[in-house]
Amino acid sequence: MGQIKACLFDLDGVIVDTAKYHYIAWKELANELGFEFSLEDNERLKGVSRMASLNILLEIGGITLNEEEKVRLAEKKNDNYRTFILKMQPNEILAGAREFLEELKARGIKVALGSASKNAMTILERLQLTELFEAIIDGTKVSEAKPNPEVFLKGAAALNVAPSECVVFEDAEAGVEAALAGQMKCVGIGSPSVLGKAHLVIDGLHQMTYEKLMELN
Ligand code: BG6
Ligand code: MG
């Protein structure tokens, strides 16, 4: 059994709630295209890449578009989304996240980000969290989306640790599956009914401690 040496964090839904901004931007796009987009629909986009999210949205609206048109709409949505994240403040960090990251640093546990988002660097800068991550693997550095383990395997490699020495923190089912596919331990953030495959499920990082982390060993 591997000794835990590193923690890999998803960003959206684990460290910060960006889903509300994604929702506003996707909803505006749907409305422009002439259909409604609900909060329940938005749940389907968690952990899903930008283009895959657009495809789900278009499926909901029953709309078929060519690739060029899709790229244009994804950019439009992202421009709108970025107006929100560029205004984010450090007080939007989810409860307990900064404290847990700092505790890990103090205990000598390595920390990396493993996010599907191409906006991850901007968000970490806005939240003043960048310097707490030794490695940042985001949507600009991977070719395979979760549940493929690529993002976490690259994180482990960047930290120079074995996958079996890593614990992943994830709020999306596909992210939990990615962690398990990478032979890593996983802590789910959210509901046990959705994240039941994780080794431990908690409501948020405010419930996480170094002792609970060591119990996963
Ligand atoms: C994930 C979010 O972290 O990043 C998804 O959970 C989002 O909802 C995806 O679609 C891609 O984000 P971005 O910032 O590259 O559009
Ligand atoms: Mg997430």
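Restricting to region 28-53, and then to whatever is outside any helix (DSSP H, G or I) and at pLDDT 95 or above, can you tell me which residue is least open to solvent (accessible area, probe 1.4 Å)? Please lay out each step first, then the result.
Within region 28-53, the subset outside any helix (DSSP H, G or I) is 34-38, 44-49.
This time we only want the ones that are at pLDDT 95 or above, so: 34-38.
Details: 34: 67, 35: 28, 36: 124, 37: 2, 38: 46 Å².
So, considering only residues that are outside any helix (DSSP H, G or I) and at pLDDT 95 or above, the one least open to solvent (accessible area, probe 1.4 Å) is 37.
Report, by residue number, each residue of region 139-161 that is touching a residue at least 40 places away in the same chain (Cβ under 8 Å) and open to solvent by less than 40 Å² (accessible area, probe 1.4 Å).
Hits for region 139-161 are 139, 146, 152, 155, 156, 159, 161.
Answer yes or no as to whether residue 165 is in contact with a helix residue (DSSP H, G or I) (Cβ under 8 Å, 6 or more places away or on another chain), closer than 23 Å to residue 77 by Cβ and either not β-branched (Val, Ile, Thr) or not assigned by TED's automatic domain parsing to the domain that holds residue 50 (or both). Spell out how you get there, then give the answer.
On the way: in contact with a helix residue (DSSP H, G or I) (Cβ under 8 Å, 6 or more places away or on another chain): yes; closer than 23 Å to residue 77 by Cβ: no; either not β-branched (Val, Ile, Thr) or not assigned by TED's automatic domain parsing to the domain that holds residue 50 (or both): yes.
In short, no.
This table checks each residue for (1) in contact with a Phe, Trp or Tyr (Cβ under 7 Å, 6 or more places away or on another chain); (2) open to solvent by 50 Å² or more (accessible area, probe 1.4 Å).
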| position | (1), (2) |
| --- | --- |
| 134 | no, yes |
| 137 | no, no |
| 164 | no, yes |
| 167 | no, no |
| 184 | yes, no |
| 193 | no, yes |
| 199 | no, yes |
| 210 | no, no |
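In the list 173, 144, 177, which residue meets the criterion of being out of contact with any helix residue (DSSP H, G or I) (no Cβ under 8 Å at 6 or more places or on another chain) and within 16 Å of ligand 1 (Cβ to nearest atom)?
Numbers: 173 fails: out of contact with any helix residue (DSSP H, G or I) (no Cβ under 8 Å at 6 or more places or on another chain); 144 fails: out of contact with any helix residue (DSSP H, G or I) (no Cβ under 8 Å at 6 or more places or on another chain).
Only one candidate qualifies: 177.
Restricting region 29-84 to residues that are closer than 29 Å to residue 176 by Cα and among the β-branched types (Val, Ile, Thr), which is nearest to the chain's Cα centre (by Cα)?
Ranking the qualifying residues of region 29-84, first place goes to 48.
So, in region 109-125, exactly how many residues are within 13 Å of ligand 1 (Cβ to nearest atom) and either open to solvent by 10 Å² or more (accessible area, probe 1.4 Å) or not hydrophobic (A, V, I, L, M, F, W, C) (or both)? Please lay out each step first, then the result.
Narrowing region 109-125 to residues within 13 Å of ligand 1 (Cβ to nearest atom): 113-124.
From what is left, the residues that are either open to solvent by 10 Å² or more (accessible area, probe 1.4 Å) or not hydrophobic (A, V, I, L, M, F, W, C) (or both) are 114-119, 121-122.
The total comes to 8.
Testing residue 70 on (1) away from ligand 2 (no atom under 16 Å from the Cβ); (2) open to solvent by 50 Å² or more (accessible area, probe 1.4 Å), one condition comes back false. Which one is that?
Going through the list (1) away from ligand 2 (no atom under 16 Å from the Cβ); (2) open to solvent by 50 Å² or more (accessible area, probe 1.4 Å), residue 70 breaks only (2).
Consider residue 96 carefully, then state whether it is open to solvent by less than 60 Å² (accessible area, probe 1.4 Å) and in contact (Cβ under 8 Å) with a residue 12 or more places away in the chain.
On the way: open to solvent by less than 60 Å² (accessible area, probe 1.4 Å): yes; in contact (Cβ under 8 Å) with a residue 12 or more places away in the chain: yes.
Yes, satisfied.
The values are calculated or read from the model by the stated rules, or taken from the named source; none is laboratory data. Just so it is clear, the structure is predicted and the values come from calculations on it, not from any experiment. A quick note on method: Cβ atoms are made from the backbone with ideal geometry, for glycine too, and the neighbour counts reach across all protein chains shown. For the accessible areas, the whole protein counts, side chains as well, though only heavy atoms, and no ligand, DNA or RNA atoms are used. Shrake-Rupley method; radii C 1.70, N 1.55, O 1.52, S 1.80 Å.
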